Structures are given as C-alpha cells and as structure tokens.
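The values are calculated or read from the model by the stated rules, or taken from the named source; none is laboratory data. The model shown is predicted, which means the values in this text are computed figures rather than measured ones. Here the Cβ positions follow ideal geometry from the backbone for every residue, glycine too, while neighbour counts run over all protein chains shown.
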Amino acid sequence: MQIHVVQPGQTLWSIGREYGVLPGLLARFNGLTEPYRLAVGQAILILRPESLYTVQPGDTVFRIAQKFSLTQNGLYRLNPGLSSQERLYPGQVLVTSIEDRPTEKTTLLGYAYPWANERTLRGILPYADTLVPFTYGFTEAGELVEPDDEGLLALAKEFGAKTLLHLSTLTEQGSFSAQRAGAVLGDDAARGALIQNTVRVMREKGFAGVDVDFEYLGRELAASYAAFLRELREAVHAAGGYLMAALAPKTSDDQPGVLYEGHDYAAIGQETDKILLMTYEWGFTYGPPMAVAPLNAVERVVQYAVSRIEAGNLLLGFPNYAYDWTLPYEAGLTRAATLGNEAAAQLAFDTGSEIFFDEQAQTPWFSYTGMDGAVHEVWFEDVRSSLAKFALVRQYGLRGLGYWNFMRPFAANFSLLNAQFRLEGQTD
C-alpha cells in the first residue's frame, strides 16, 4: 500500500504506469469516475492486486467468491462499487487478492438517515460491522418517536451487518433538547417507560443493542444521565443486547461548556459496554474555516479518554464529510456548506485548485474563487488523513471506528481500511 500525491501534468494513466497498476483499478479503489480527472495535490491510494479474475458468462458473485475462498463481502471489499452493481458483466475484471495482508482486527460502525441513498449504502456495508439508523427520539412521557428505518434494517441484514437502536434527545425541530432529557431523567415513571419502550423495540426489530446520544446536558444533568445509563444497561443486558453511548470530545474532567459538562467520562464508561468518541466538528458549520477533525486535537481527546475508559471499549469518531466556507468569515453570519470528501476533491479539479496538506492537522484543504467572485476555503478528509487516524486506533488499542456518517461515498477510505485491518464481523 502506498499513497501518491498528484503532481502537475500527471494523469491516472501515468500514475498507473509508475506503480504497475491498471488505471481502471486505481480509479475503482479511489472512487474516481471517467474521465478520471485529478487535481494537483490530490492523494491517490495505490493498492497492488496479486490476482485478477475475468468474469465469464453465467458467473455470480457467490461462485467467484467461493472459487477464491472469499466471502461475498470479501470480494465486494476488494472491488469497490461491485456491491452496488446490479449484475456482473462477462469480461469484467475483478480483484481477488491484494498484496496487503493485515493481521490486526478492528470494527467499523456508521450512522445513516432513513433516506440514505441505497447505492451509497450498498457500497459501504460490505466493510461495516454495524449500521445505526438515525434516530429514535422520545417524548417527556417516555414514549419513543420512531423513524421509518425498515429499509435500513433490511439492507443491513442483506450484508450481514448488525444494527443498533439510536436513542437521542434530538427533537422534531432538529436540535438536541436538554429540557426533554431533564424531564425524563428526573421522573421515575417517564424514565422507566423510556427504558421499557426502548428495550421492547430493540427486541421487536432485532437490534443488537442501544446507542445513546444525549447532548448539551450541562453539569446539572451529568449524574442523573450516568444513573439512567446504568438502569438502561441492566435492562438491555437482560434482553441480550449491549449498550453504547456517544461522548463529546473532552480533554479534561473539568472542561467547561454545556456540551462537555454533562458527560462524565469515568462514570459513563463504567455504565456502558462501548463508547463512541465524537472526535469531529472542530471545524463546523458556523465556525471559522479549519479541519473538521485535526489530528492533534483528536489525539488529545483519545489520550484523555484512555485515562478514564478502557481503550478496548472506545470507538474513534471519523467525519465522512467536508465543509466549504465562503470568505471572509463573519462570526454568526457565515454558514459553511457540507459536501462529501470525494466531492471535495472533484471540486478542487473543477475549480483548478491545488490541494495542500496541513502537517499539524494532518488534513487536506484548498481555496477557490466561486462563480460569484467570492473566495472559498474547503477542508476535507483523504487517504492521508485517514491513515493518520487509523494509526491512532492502532497506537492506543482502540476498539474501532465510528463514522458520521454512511451517507456519502468514500471509496479510498474504505479500501485503505480494508488494507490496514481485518474487519471484525466481516471475516473471510
């Protein structure tokens, strides 16, 4: 496995010749579509196939996978896009093995809204251990507000991925409500109803467990939130499931701010089976232009987290999205646009922009002038930033990765993940 940074005048064909890899395979691993246009400074993942197979008439994915001692998901992971393809075509060339032979295991979890693009999800689910439909809300009486997630559950089942019931304080207006959380946490009857209803739906829909995401609680709800998680965990365990919670990216016990004060790392770590560290949103919609998940900031959160919670219970949050800010930035007025990481690299080419790499943040970025004459700044993720974050998982012995979210394609990232780790729940 290597990473190549595009230089002026280079094409996918010239890069393929340099590394001895067919351009079409490079395109597949990197999520590129014809005419395979590259931006200067763009990072290209180089994976070298060890064996290839040419599809014959009558072949199926199942039969080809069997022939090469792979699972269907294993064959899909070696051929990004194959899992979302309606049928095989005679003459189609498939990768059946690559040089990389990872031995370390990790797990991949990701979120999706019920309206997620099915083709995109089909491209990602072969890599995933767990899919989490977003989200189940609740009333102040403890009744669940259920999403229309049947399609997601069926798709997860098709690819052998587990699912979690995501329970959050997100309201119908789209914001996290500390008031709603406080009303339930402080009322024995409502709290009991919420636990009972959550476990009932977990059983009915076949969820492997529950993922709790109560945000912006403030210091006054910290103790009652941890106590609620203890009660919920007992009920979830009794029903044969496990409990996970998502935590704000803290770096100390006494970190100020309503987002952080309601999450007691040590207490919540004791009351749950797994923890997702929400290590993203340093660069955010209404903030100034910067990396969404700068490596130096992410690592400080991990260092604090492993001092309070067992490392093997932690999932590192990963942002599968990018932001495009219009300059000059004006606090309270500027609103960044959200786009995918693949789309960001395409935008760099379309605008004739060179991509730069911030060494401290370990994150790519570029600027361009829009059609309206305004200057824009874009920060996104690529295989270089992905590799740096994967290294933290290995260095600190973390359980795996949790992606926000599975709504956008990022073939190079998932291909890199497959080359770096043996993916738990997707054994070959």
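Check region 205-216 and report whether any residue there is out of contact with any Asp or Glu (no Cβ under 7 Å at 6 or more places or on another chain) and in a helix (DSSP H, G or I). Please lay out each step first, then the result.
In the first step, residues of region 205-216 are kept if they are out of contact with any Asp or Glu (no Cβ under 7 Å at 6 or more places or on another chain); the result is 205-216.
Next, from what is left, pick out any that are in a helix (DSSP H, G or I): 205.
Yes: region 205-216 contains one or more residues that are out of contact with any Asp or Glu (no Cβ under 7 Å at 6 or more places or on another chain) and in a helix (DSSP H, G or I).
Hey, can you tell me all the residues within region 367-421 that are farther than 23 Å from Ala297 by Cα, free of Cβ contacts under 8 Å to residues at least 60 places away in the same chain and of a type outside the set (Ser, Thr, Tyr)?
Gly370, Met371, Asp372, Gly373, Ala374, Val375, His376
For region 300-344, which residues satisfy the criterion of being small (Gly, Ala, Ser) and surrounded by fewer than 17 Cβ atoms within 10 Å (Cβ to Cβ)?
Residues satisfying the conditions are Ser307, Ala311, Gly312, Ala331, Gly332, Ala337.
Could you grab the pairs with beta carbons closer than 8 Å, sequence gap of 6+ or different chains, first residue in region 49-64 and closer than 14 Å to Leu82 by Cα, second one in a strand (DSSP E or B) and of a type in the set (Ser, Thr, Tyr)?
Hits for this filter: Tyr53/Thr96; Ile64/Tyr53; Ile64/Thr96.
Within region 355-383, can you find the residues that are of a type in the set (Phe, Trp, Tyr), assigned to a strand (DSSP E or B) and buried (at least 20 other Cβ atoms within 10 Å of the Cβ)?
Those that are of a type in the set (Phe, Trp, Tyr), assigned to a strand (DSSP E or B) and buried (at least 20 other Cβ atoms within 10 Å of the Cβ): Trp365, Phe366, Trp379.
Does region 79-86 contain any residue that is surrounded by 17 or more Cβ atoms within 10 Å (Cβ to Cβ) and closer than 30 Å to Gly312 by Cβ?
Yes: region 79-86 contains one or more residues that are surrounded by 17 or more Cβ atoms within 10 Å (Cβ to Cβ) and closer than 30 Å to Gly312 by Cβ.
Across region 125-148, what is the number of residues that are without any contact (Cβ under 8 Å) to a residue 40 or more places away in the chain, within 30 Å of Ser415 (Cα to Cα) and part of a loop (DSSP other than H, G, I, E, B)?
Of the residues in region 125-148, 0 are without any contact (Cβ under 8 Å) to a residue 40 or more places away in the chain, within 30 Å of Ser415 (Cα to Cα) and part of a loop (DSSP other than H, G, I, E, B).
Is at least one residue of region 318-337 in contact with a helix residue (DSSP H, G or I) (Cβ under 6 Å, 6 or more places away or on another chain), at negative phi and in a loop (DSSP other than H, G, I, E, B)?
Checked region 318-337: no residue is in contact with a helix residue (DSSP H, G or I) (Cβ under 6 Å, 6 or more places away or on another chain), at negative phi and in a loop (DSSP other than H, G, I, E, B).
Considering region 240-256 alone, what residues qualify as being in contact (Cβ under 8 Å) with a residue 40 or more places away in the chain and among the hydroxyl-bearing types (Ser, Thr, Tyr)?
Within region 240-256, Thr251, Ser252 qualify.
Let me confirm something: among Tyr89, Tyr113, which residue is of a type in the set (Phe, Trp, Tyr), surrounded by fewer than 19 Cβ atoms within 10 Å (Cβ to Cβ), farther than 17 Å from Phe414 by Cα and under 16 Å from the mean Cα position of the chain (by Cα)?
None of the other options fit; the residue is Tyr113.
Out of region 1-55, which residues are assigned to a helix (DSSP H, G or I) and either under 21 Å from Ala388 (Cβ atoms) or aromatic (Phe, Trp, Tyr) (or both)?
Selection gives Trp13, Tyr19, Phe29, Asn30.
Evaluate the following for Ala343: is it out of contact with any strand residue (DSSP E or B) (no Cβ under 7 Å at 6 or more places or on another chain) and not polar (S, T, N, Q)?
Numbers: out of contact with any strand residue (DSSP E or B) (no Cβ under 7 Å at 6 or more places or on another chain): yes; not polar (S, T, N, Q): yes.
Yes: the conditions hold for Ala343.
Of all residues in region 1-49 being within 20 Å of Gly340 (Cα to Cα) and among the small types (Gly, Ala, Ser), which is nearest to the chain's Cα centre (by Cα)?
Checking each candidate, the answer is Gly31.
Only one of these is farther than 16 Å from Asn413 by Cα, in contact with a Ser or Thr (Cβ under 8 Å, 6 or more places away or on another chain) and at pLDDT below 95: Tyr36, Tyr53. Name it. Full working, then the answer.
On the way: Tyr53 fails: at pLDDT below 95.
Just a single option satisfies the conditions, and that option is Tyr36.
Output the number of the condition that Gly206 fails; it satisfies all remaining conditions of (1) on the phi > 0 side of the Ramachandran plot; (2) in contact with a Pro (Cβ under 9 Å, 6 or more places away or on another chain).
Status for Gly206: all satisfied but (2).
Tell me yes or no: at least one residue of region 77-94 is among the β-branched types (Val, Ile, Thr), out of contact with any His (no Cβ under 8 Å at 6 or more places or on another chain) and in a loop (DSSP other than H, G, I, E, B).
Scanning region 77-94, I find no residue that is among the β-branched types (Val, Ile, Thr), out of contact with any His (no Cβ under 8 Å at 6 or more places or on another chain) and in a loop (DSSP other than H, G, I, E, B), so the answer is no.
Please go through region 399-416 and pick out each residue that is in contact with a Phe, Trp or Tyr (Cβ under 6 Å, 6 or more places away or on another chain), among the hydrophobic types (A, V, I, L, M, F, W, C) and assigned to a helix (DSSP H, G or I).
Within region 399-416, Phe414 is the sole residue that qualifies.
Out of Glu104, Glu158, which single residue is more than 20 Å from Phe207 (Cβ to Cβ), surrounded by fewer than 14 Cβ atoms within 10 Å (Cβ to Cβ) and out of contact with any Leu (no Cβ under 6 Å at 6 or more places or on another chain)?
Only one candidate qualifies: Glu104.
Does any residue of region 228-238 turn out to be within 19 Å of Asn405 (Cβ to Cβ) and free of Cβ contacts under 8 Å to residues at least 40 places away in the same chain? Lay out the reasoning, then the answer.
Initial filter on region 228-238 (within 19 Å of Asn405 (Cβ to Cβ)): none.
No.
Could you list, in sequence order, the residues of region 65-89 that are of a type in the set (A, V, I, L, M, F, W, C) and either in contact with a strand residue (DSSP E or B) (Cβ under 6 Å, 6 or more places away or on another chain) or in contact (Cβ under 8 Å) with a residue 40 or more places away in the chain (or both)? Steps first, answer last, please.
Taking region 65-89 first, the residues of a type in the set (A, V, I, L, M, F, W, C) are 65, 68, 70, 75, 78, 82, 88.
The answer is Phe68, Leu70, Leu78.
In region 240-257, which residues are surrounded by 15 or more Cβ atoms within 10 Å (Cβ to Cβ) and closer than 14 Å to Asp273 by Cβ?
Gly241, Tyr242, Leu243, Met244, Ala245, Ala246, Leu247
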